[in-house]
Amino acid sequence: MTYCPHCGWPDAQPFQVVSRHRTTEGQTVWSRCSCGSLQVRVVDGACTRVVARGRPAAMF
Ligand SMILES: [Zn+2]
């Protein structure tokens, strides 16, 4: 299990799902962490992996 390096939120539990897209690899899920960083994860069957992670948002 991996955790957000910015706030320690577990990657297995997306704080907020922004959008989902179906791709040839499976499903790409954009989610926002509790610290405001955007994550891109690929859901492939039962397996989820974070493929990209943004920085915490300074302001919204
Ligand atoms: Zn975070």
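The values are calculated or read from the model by the stated rules, or taken from the named source; none is laboratory data. As the structure is a prediction and not an experimental result, all values here were calculated from the model. Heads up, the Cβs are rebuilt from the backbone with ideal geometry, glycines too, and the neighbour counts pull from every protein chain shown.
Descriptive notes on the structure:
- Taken over the stretch 1-45, the criterion of being in contact with a Ser or Thr (Cβ under 9 Å, 6 or more places away or on another chain) and of a type in the set (Asp, Glu) is satisfied by Asp11 alone.
- Pair list, Cβ < 6 Å and 6+ apart or interchain, from the stretch 1-27 residues that are under 17 Å from Ala46 (Cα atoms) to residues that are charged (D, E, K, R) and within 11 Å of the ligand (Cβ to nearest atom): Thr2/Asp11
- Entirely in the chain, the strands (runs of 3 or more DSSP E) that have 1 or more residues that are surrounded by 12 or more Cβ atoms within 10 Å (Cβ to Cβ) and modelled with pLDDT under 90: 26-32, 38-44, 47-53
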